Amino acid sequence: MSGKLVMNALVMYDHQTDSLWSHFTGDAIEGDYLGTRLELVPSTHTTWGRWKELHPDTLALDKGGRYSYDNYASYYRRPDAGVIGETVIDDRLATKDLVVGLTLGGEAKAYAFNDLAEQPVVNDVVGGSNVVVVFDAASETGSVFSRDINGRVLEFQLLEDDGSGNLLMADRETGSEWLLLTGEAVGGPLKGARLEQLPSNYSFWFAWKDWHPSTGLFVRDGAAS
């Protein structure tokens, strides 16, 4: 990291040209690559426990036991918006409410953790793309998948916990069962298929709406808009 900030977001640099890159958007903001944008790829932000359940054979970086504390713990607890403060005022959510943020087809939309905890499976259309946003409240894990598969659009619903520890959803069209956080079909006619995971952001509300001032905001079923 360069030690610089842009709207509270960290700024990276590359070792080859010393160009500066926005941590939040992947845009080069200074240097030889000015105007270039890095490809945003899907990722999963979760707890170590949940990750091991999903991927028991995973490898992990050995930091010599230095996982016992987080230098930013006090910052997470404070209600302020960081060193620079907020750029855009939008009180639809509290400053540091956590959201899953999504940009598709020129449209930005945020899904608050508090709403996803009440409605863990959300079928939606963003920027003309059919998506399903899923959430595990226990590990605060949110992911976004395309609902388009094999030329058809699926609609999903959460399944009751069967006691196995696996979080499952089912599509209404075929009744196939899918692992909630990986998008893999584990039962039914589509067993073996896998939904395409889409890039998304795990972010504080103040950061998301500062970078996406025209963002939409998901309102869960039954909640006041």
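Before moving on, here are some points about what is shown:
- Any hit, the range 194-201, residues being free of Cβ contacts under 8 Å to residues at least 12 places away in the same chain and under 30 Å from Ala94 (Cβ atoms): no
- Those residues of the range 149-178 which are without any contact (Cβ under 8 Å) to a residue 24 or more places away in the chain, among the β-branched types (Val, Ile, Thr) and touching a Leu at 6+ places or on another chain (Cβ under 9 Å), in sequence order: Thr174
- Given (1) closer than 30 Å to Arg77 by Cβ; (2) out of contact with any helix residue (DSSP H, G or I) (no Cβ under 8 Å at 6 or more places or on another chain); (3) not β-branched (Val, Ile, Thr), index of the condition Leu181 fails: (2)
- Members of the range 1-48 that are of a type in the set (Lys, Arg) and within 20 Å of His212 (Cβ to Cβ): Arg37
- Apart from one condition, Ala60 fits all of (1) more than 15 Å from Lys209 (Cα to Cα); (2) under 16 Å from the mean Cα position of the chain (by Cα); the exception is (2).
- Subset of the range 18-76 that is touching a Lys or Arg at 6+ places or on another chain (Cβ under 8 Å) and among the hydroxyl-bearing types (Ser, Thr, Tyr) - its residue that is surrounded by the most Cβ atoms within 10 Å (Cβ to Cβ): Thr25
- Residue pairs meeting the criteria (Cβ under 7 Å; at least 6 apart or on separate chains; first farther than 19 Å from Gly216 by Cβ, in the range 78-101; second in a loop (DSSP other than H, G, I, E, B) and at pLDDT 95 or above): none
- Candidates in the range 49-87 are the residues that are among the acidic types (Asp, Glu) and modelled with pLDDT under 80; of these, the one that is farthest from Ala137 (Cα to Cα) is Glu86.
- Checklist (1) in contact with a Phe, Trp or Tyr (Cβ under 7 Å, 6 or more places away or on another chain); (2) open to solvent by 10 Å² or more (accessible area, probe 1.4 Å); (3) in contact (Cβ under 8 Å) with a residue 12 or more places away in the chain applied to Leu181, failing item: (1)
- With respect to the stated conditions, Ser146 fails to be in contact (Cβ under 8 Å) with a residue 60 or more places away in the chain and open to solvent by less than 50 Å² (accessible area, probe 1.4 Å).
- Residue within the range 98-111 that is farther than 26 Å from Thr47 by Cβ and surrounded by fewer than 14 Cβ atoms within 10 Å (Cβ to Cβ) present: yes
- In the set (1) free of Cβ contacts under 8 Å to residues at least 40 places away in the same chain; (2) surrounded by fewer than 16 Cβ atoms within 10 Å (Cβ to Cβ), Phe135 fails one condition alone, (2).
The values are calculated or read from the model by the stated rules, or taken from the named source; none is laboratory data. Quick caveat, the model's predicted, so the values are computed rather than measured. Glycine gets a Cβ as well: all are built from the backbone with ideal geometry, and neighbour counts include every protein chain shown. Note: accessible area is taken over every heavy atom of the protein model, side chains too, but ligands, DNA and RNA are not part of it. Shrake-Rupley method; radii C 1.70, N 1.55, O 1.52, S 1.80 Å.
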